[in-house]
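Every read-out reported here was derived from the displayed coordinates using simple, explicitly stated rules and does not represent laboratory data. All values reported here derive from a predicted model rather than from experimental measurement. As a convention, Cβ positions derive from the backbone with ideal geometry for all residues, glycine included, and neighbour counts pool all protein chains shown.
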Amino acid sequence: MATNPVPTIPQTRAAAQALENQLANANPIGADASATVADALEAVGVVLTALNQEEAAQRSGQMQAVGQDVTDAVKQLTALKKQLAQIGSDIGIVGDVAGGLDALLTGCGSIFKI
Amino acid sequence: MERHRLIRWCSAVCVLSMVSGCAFSPLGKRATAFSTAASATTLQVKNGYQVVEQSYYDVQVDNLVKVFDTEGFKTDNIKPFLTPDEMKARTQLLQGLQQYATLLAAVSGNDAVAALDKQSESVGKDMESLSKDSGFKSVAKNSTIEGGVAAAAVDALGRELMARKTAKELPTILDEMQKPVDQICQLLEEDIGDPQTGGLRNQLKNDYDQLIADQRAFIYANEKAMSPDEKRQAIAILPQLWIAEKQNDAALAQTQEALKKLATTHDALVDTKKSKDAPAFESLVSQLAVQGSQLSDVYSAATKKEK
C-alpha cells in the first residue's frame with residue numbers, strides 16, 4: 001500500500017506561501033472576517049519565518065529548537081481552519097483554503113515535530 | 001636639434017607611461033569610470049535593506065497595538081528583520097566591492113596607493129573572516145551558489161584587497177577578480193530574492209500583506225468610534241500601503257538589476273584589457289551610472305514617504 005511521503009521544507013514553504021497569497025488577496029467585509037484573515041496572515045508569517053530559518057539551519061547542519069511562537073502559530077491556524085473554510089468563498093478566496101491549510105499543518109507537524 | 005630633444009622627451013614619457021600603466025592608458029581610464037559607477041551602485045544596495053527593515057518594524061508595531069491591552073509592551077517583541085550579524089555580513093560584502101572599485105581607480109592613477117593600502121587591508125581582513133561568520137551563511141542561504149564557492153569568492157576578494165598592487169598589475173587584478181566579483185554580485189542579487197520564493201522581496205511582500213490586513217481589521221473593529229473624517233483617513237491608508245508595497249518591491253527589483261549590471265560591466269572591463277576602444281564597455285558603464293543615480297532617487301523618495 002502506498003503511503004504519503006513526508007512533506008519537505010520547500011513543499012511546506014510553498015503551501016504556506018500559497019495560503020499567504022490566498023489570504024492577502026481576500027477581501028473580508030466586517031470585523032469578524034477581517035480579524036480572522038489578519039490573525040491567519042500573522043500565523044502564516046510566523047510559520048514562513050520559522051521554515052526559512054529551519055532550511056538555513058539544515059543546510060549548515062545546525063539543529064535549532066522550535067520556538068513557542070511557532071507552536072502557537074500552528075495551534076492558531078488549526079483553530080482558524082473551520083472559520084476560514086466557512087468564510088472562504090464569501091471573502092473571495094479562490095481555491096481550496098482547507099486543503100492548503102492541511103498541507104501546511106501536515107508539513108509543520110513533521111518538520112517541527114509539533 | 002630642439003626637435004630631436006623634444007622627440008626624445010616624448011618617447012621617454014611614452015615608455016614610462018607604458019611601463020607604469022598610468023591613468024592615461026585606455027584601460028586605466030575605463031577602470032576609473034567603472035570604479036565611480038560601481039561605488040554609486042553599492043551605496044544604494046544598502047538602502048534596499050533599510051526599506052525591508054522599515055516594513056518589518058511597521059508590522060511589529062501593528063502587532064504591538066493588537067496585543068497591548070492584554071500583554072503590554074515587551075521590548076523582546078521588537079526585533080530587526082536581519083540580526084546584527086546578518087546585517088554586518090551584507091554591509092561587509094558591499095564594503096568589499098566598494099573598496100575593490102576604489103582600489104581599481106587608485107592603481108589606475110599615477111598617485112601612490114600607499115594611503116589606500118591601510119583601508120584596503122582592513123576591509124580585506126574583514127572579508128577573510130566574514131566567510132566563516134554565521135551572518136554570511138544567512139546571505140548564502142538564498143543563493144544557488146554552493147556555500148564553499150561563495151566563501152572562496154569572498155576570501156579571494158579579501159586577499160586581493162590586502163595585497164600591495166601597482167598600476168602595471170591592473171590586467172592581472174581584473175583577471176583574478178572576474179569570477180569572485182561575479183559571484184559576490186550574484187550572492188547579493190539572490191539574497192534580495194523574489195516576492196514568492198524567498199529573500200528580502202518575499203519578506204517585504206508578506207509584511208505589506210500583513211499591514212493591509214491589520215489596517216482593514218482595525219477599521220472594522222473601530223469604525224463605530226470613528227468620526228466620518230477619521231474613518232476616511234483610515235481607509236485612505238489602505239491604497240497608500242498597497243502603492244508603497246509595489247514601489248518598494250520595484251526598488252528592490254531595480255537593485256537586483258543594478259547588481260547584475262555591475263557584474264556584467266566588470267566582465268566587459270576585463271574583456272577590454274588589450275583593447276584601445278571599448279564601445280560595449282562604455283555603453284554598459286554609462287548604463288550602470290544611470291541605474292545608480294535612479295536608485296538613489298527611488299530610495300530618497302521612499303525614505304521621505306516613510307517620514
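Things to note:
- Inter-chain shielding of B:206-214 (mean C-beta neighbours from other protein chains, 10 Å cut-off): 6
- Whole-number percent relative contact order across chain B, with pairs defined as alpha carbons under 8 Å at least 6 apart: 25 percent
- Net charge dipole size for segment B:67-138 [Lys, Arg +1 and Asp, Glu -1 on Cβ; Debye, nearest 20]: 100 debye
- Residue by residue, segment B:162-167 carries 3J(HN,Hα) couplings of 7, 7, 7, 10, 10, 4 Hz when phi is fed to the Karplus relation 6.51 cos²θ - 1.76 cosθ + 1.60 (θ = phi - 60°); x denotes Gly or Pro.
- Cα centroids of segment A:1-49 and segment B:221-290: 28 Å apart.
- In this entry, segment B:169-236 is assigned a mean projected area of 7.3 nm², taken as a quarter of its C-alpha convex hull surface.
- Distribution of pairwise C-alpha distances over chain A, 5 Å bins, in %: 2, 12, 24, 23, 17, 11, 7, 3, 1, 0
- Measuring between their Cα centroids, segment B:126-174 and segment A:66-88 lie 43 Å from each other.
- Other protein chain Cβ atoms within 10 Å, averaged over every residue that makes up A:21-32: 3
- Farthest towards the positive end of the charge dipole of the protein assembly as shown, among the residues A:PRO28, B:MET127, B:VAL139, is the Cα of B:MET127, using unit charges on the Cβ of Lys, Arg, Asp and Glu.
- Calculated from backbone phi, Karplus (6.51, -1.76, 1.60) coupling profile of segment B:65-73 in Hz, x at Gly/Pro: 4, 5, 9, 4, 5, 9, 10, x, 10
- Positive end of the dipole of the protein assembly as shown (Cβ unit charges, origin at the Cα centre): among B:ALA258, A:GLY107, B:LEU288, the Cα lying farthest that way belongs to B:LEU288.
- Histogrammed with a bin width of 20 Å, the alpha carbon distances of the protein assembly as shown distribute as 23, 45, 24, 6, 1, 0 percent, first bin at zero.
- Dipole axis of the protein assembly as shown (+1 Lys, Arg; -1 Asp, Glu on Cβ), positive-most option in B:GLN95, A:ILE87, A:ALA38: B:GLN95
- Dipole check for the protein assembly as shown: with +1 at the C-beta of Lys and Arg, -1 at the C-beta of Asp and Glu, and the Cα centre as origin, the magnitude is about 1480 Debye.
- Ellipsoid semi-axes for chain B, based on the Cα gyration tensor and the rule √(5λ), read 48, 21, 15 Å when sorted largest first.
- In this label model, B:SER275 and B:THR70 are separated by 6.5 nm, measuring between points 7 Å along each Cα→Cβ vector.
- The angle separating the long axis of helix B:2-20 from the principal Cα axis of greatest extent in chain B is about 40 degrees.
- In Hz, Karplus ³J(HN,Hα) per residue of segment B:181-192 (6.51, -1.76, 1.60; θ = phi - 60°; x = Gly, Pro): 5, 4, 5, 5, 4, 5, 4, 5, 5, 6, 5, 5
- For B:LYS276, a cut-off of 20 angstrom between C-alpha atoms picks up these lysines, skipping any fewer than 8 places away in its own chain: B:LYS29, B:LYS168.
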